[in-house]
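A short reminder: the numbers here are calculations on the coordinates, not readings from a lab. Bear in mind that the values here come from a model prediction, so they are computed numbers and not experimental data. Quick reminder, even Gly has a Cβ in these numbers, built from the backbone with ideal geometry, and neighbours come from all protein chains shown.
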Amino acid sequence: MTMEIIRVAGFDPGLRFSGYGIVTFNCETNEFSTEHCGVIKNKSSTVLKGLDAIMHMRDLIQEVSQAEQLKTVDATVVEVPAAIYNKKFSSGGLIPPSVVAGIALMSFAETEVIPVYPTVWNSRKKKEQTAKIVQGFLGESETWNYDYCPKAKSQMEHIIDAMGMALWYMRLQYLD
């Protein structure tokens, strides 16, 4: 008997930090697990600015996207900024993360890639609520399988968001 495993990757792009990871669901045992989690850290804004920072993050994203684990997922969910369409936000501050999101969408093109707005996958919940829900399904973030586990809470939020997106899509597409 063949055991079905569903694997969905999440990617939370940013100009300074980008989080990623894979949520796995074992259909036989009904268990979730995590793998290949991490955060990509761009060089300091005092070292790289503007297009140089974007190009360096592009190189880092492309390197991560080539990992064998990410090439074999069922789908990859990438967060794209919705606020760029909101008149209350400065588009100047949102353009770099939008470009990085576009780079991520293209970098993971070997799998099915799904762009998603933050308010869609997290239902407008606050960061703390989202983290609690994600860890309720996947276990405490300290127990996840990391490539790189950051110590800073602000960096960890990117990984939790990536895992939250993957979990949201998995439940929406495969489990509900």
If every Lys and Arg gets +1 and every Asp and Glu gets -1 at its Cβ, then about the Cα centre the chain yields a dipole, in debye to the nearest 20, of 1060 debye
Listed by chain and number, the residues whose amide H is under 5 Å from that of residue 113, excluding neighbours fewer than 5 places away on the same chain and using placed H, are 76
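Taking 19 Å as the cut-off for C-alpha to C-alpha distance, list the pairs among 71/153; 126/151; 126/153; 49/151; 127/153; 43/132 that go past it.
Details: 71/153 28 Å; 126/151 21 Å; 126/153 15 Å; 49/151 24 Å; 127/153 11 Å; 43/132 30 Å.
Violating the 19 Å Cα-Cα cut-off are 71/153; 126/151; 49/151; 43/132.
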By the DSSP-based rule, helices of the chain that are at least 20 Å long along the axis (C-alpha) and have a mean Kyte score of at least 1.0 are 91-107
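So for each of 162-172, 138-148 I average, over its residues, the number of other beta carbons within 10 Å; can you give me the resulting order with the highest mean first?
162-172, 138-148
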Most exposed to least, judged by fewest other Cβ atoms within 10 Å, 64, 100, 113 sort to 113, 64, 100
A student asked for the Cα radius of gyration and Dmax of the chain in angstrom ought to give 15.7, 56
The answer for the net charge of residues other than residue 19 whose Cβ lies under 9 angstrom from its Cβ, with Lys and Arg +1 and Asp and Glu -1, is -3
For segment 5-175, the charge dipole (Cβ of Lys, Arg +1; Cβ of Asp, Glu -1; about the Cα centre) points to a positive end, and the Cα of 24, 131, 173 closest to that extreme belongs to 131
Ordering 17-26, 41-50 by per-residue average of other C-beta atoms within 10 angstrom, highest first, gives 17-26, 41-50
